[in-house]
1. What net charge do the residues around residue 52 carry, taking every other residue with its C-beta under 15 Å from that of residue 52, with Lys and Arg at +1 and Asp and Glu at -1?
2. Hey, if we sort 540, 289, 310, 398 by accessible area with the 1.4 Å probe, largest down, what's the order?
3. Under the Karplus relation 6.51 cos²θ - 1.76 cosθ + 1.60, θ = phi - 60°, what is the ordered set of whole-Hz ³J(HN,Hα) values for segment 441-458, x standing for Gly and Pro?
4. Can you give the FRET efficiency for residue 465 and residue 102, using 1/(1 + (r/R0)^6), R0 = 56 Å, r = Cβ-Cβ distance, to the nearest 0.05?
5. Given labels modelled 7 Å from the Cα in the Cβ direction, how far is it in nm from residue 42 to residue 591?
6. Sort 363, 151 from largest to smallest accessible area, using a 1.4 Å probe on the heavy atoms of the protein chains.
7. Among 65-75, 109-119, how do they line up by average Cβ neighbours within 10 Å per residue, starting with the highest?
8. Points 7 angstrom from Cα along the Cβ direction at residue 506 and residue 135: gap in nanometres?
Amino acid sequence: MPAMAKPAPASTKPRRERGNPSLRERFDAMRNLPPFLRQIWQTSPALTLASLGLRLVRALMPVVILYIGKLIIDEAIRLVGLGLQFDSLGQALRGGQLDHLAWLLGLELALAVGSDLLGRLVNYADGLLSELFTNASSVRLMEHAATLDLEDFEDPDLQDKLDRARRLTMSRMSLMGQLFGQVQDAVTVVAFAVGLLVYAPWLILLLAVALVPAFIGEAHFNALGYSLNYQWTPERRQLEYLRQTGASVETAKEVKIFNLHRFLVERYKVLAEKFYAANRALARRRAMWGTLLAALGTLGYYVAYAYIAWRTVKGDFSIGDLTFLAGSFRRLRQLLEGLLIGFSQVAGQALYLDDLYSFFEIEPEIHSRADALPVPRPIARGFVFENVGFRYPGAENWALRGLEFELRAGEVLALVGENGAGKTTLVKLLARLYDPDEGRILLDGRDLRDYDLDDLRASIGVIFQDFVRYHLTAGENIGVGRIEAMDDIARIREAARRGMADEVIEPLPQGYEQLVGRRFKTGVDLSGGQWQKIAIARAWMRDAQVMILDEPTAALDARSEFEVFQRFKELSHERTAVLISHRFSSVRMADRILVLAGGKVEASGTHAQLMAQGGRYAELFELQAAGYR
């Protein structure tokens, strides 16, 4: 039964190529704030409460300090009006006339010091919470990425989304500080507003009207900034790729030998200049309009300031009142402007959260069914491919079509064929890294999709040609083959012996504890062939029922490859095994050989039978053999 094409997640929106998010999209993005705040709370309830509580206390400090300043001025003016004469400060203090003024000054000093201390405590709590949140988000990102299909990672659009999600796990804690700061500023605004309402309520309305244009402008340019970053995600990935390629140990040899650095630098500079030009144009427009719109807010402030000064001249307000009202209005203007602009920035950052959460909403198509079966132990009959067809997403041609063959239990099967024949694709289907688009694969008479996915993969050990070189210790590089046995050094050593990696590891300065690879200072680099023996040992570490070697010996010479395959043949007694190699002298030891061409089985048999048939296998074997004569 043909498999259905993988549906896009319901929440995934089509990519915007131009323009900026609509007002509705910006407000819709605010739905991401509750789950974001829940995630912060789950990270550390204690630190979250500490940060919010300290901010709420600190929010009242500016109003209290400013009001005490008013009292100090009024008290000083009162003392001046009394016409007191003091020969010295000591005499004035002993007389007691300055006690109230001194007390007010001491109180303001204590509040100022307390406010600074609260600010430092807030930064401390936020710093710890930020670190914990970033770690938790990164873990969640890695855990979710591990559930996705291989097909997803080969999709450029998902690569863009993954890139944005990775960036967001590191940068979204600024949103937490901004949200908490908005709460703090809102409390301060209410406190200042209460004070102004007592004197002149209409000043608050004037201030709000004056700040609206700046808010609208900021919201507009925040949306444009998001749109620019969204559209340039592929280019940013290209910039990161060029930066990594031009300055990494993995590429250093070819960069030097081919003198590629000028080409890479020039390509980087051209792309970076385009991105810079786009950002510069946006920043220029933002600065110009921002200045103009902010001027309206400044005008509103000075209208209110003039009114307060006039009321003071008339005698309605004291000099202390003038200071308190002018300071309150100035701070209120700054706070309201910050709140409005901050709201637009929060809305903009919520759009980025949309990218993060939409990544988390991607669900894999390949997963275990609710009633999944355990894999038979041992496998009794083996695997059967029935009219299997598979086409890579977006590809016009089929990688495999009408594929039919049997992989018998306990059999060592070799796959041969020219590049593009479908050998690696077949192996990925066998390990359920993909599901067929047509036909089905049976294991002991049941569809492969009927079995528990984790159990199936635990039963299959695969080493691909492009195996990963982990910058871990030599022992850990083998141990990752069966992660739950990572600390079983006896098992690791036995796997190394089977894969002939023991002869690579034992001469290392720290043996199995030696860090390998050049990424870290104490690492020891290995040759391609040495890495491949460690990778083969990794497959033996798994001790799986089905063993697959997909051209993992390409860096070995013919003799070493023959020895590895001979050892593999000897140790694969009663195991089902699949070998893929371009060296026909190695695969001839298999029980049976399948010749693939155009995504189908063209011929099947032993080496002797295929040579006798005189088809493609015999032709390729003779061509290869001629090269050794």
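1. Numbers: positive: 38, 55, 58; negative: 126, 185.
Net local charge, residue 52 excluded: +1.
2. Values: 540 10, 289 115, 310 150, 398 70 Å².
Most to least solvent-accessible, the answer reads 310, 289, 398, 540.
3. 10, 9, 10, 6, x, 10, 4, 4, 6, 7, 8, 4, 5, 5, 5, 4, 5, 5
4. Details: r = 83 Å, r/R0 = 1.47.
Step by step, r from the Cβ atoms, then E = 0.10.
5. 4.8
6. Values: 363 140, 151 50 Å².
In descending accessible area the options line up as 363, 151.
7. Values: 65-75: 18.0, 109-119: 13.4.
In decreasing order of mean packing, 65-75, 109-119 become 65-75, 109-119.
8. That separation, rounded to one decimal, is 4.1 nm.
The values are calculated or read from the model by the stated rules, or taken from the named source; none is laboratory data. The structure displayed is predicted, hence computed values, not measured ones. Using ideal geometry, Cβ is built from the backbone for each residue, glycine included, and neighbour counts are taken over all protein chains shown. All accessible areas refer to the heavy atoms of the entire protein, side chains included, with ligands and DNA or RNA removed. Shrake-Rupley method; radii C 1.70, N 1.55, O 1.52, S 1.80 Å.
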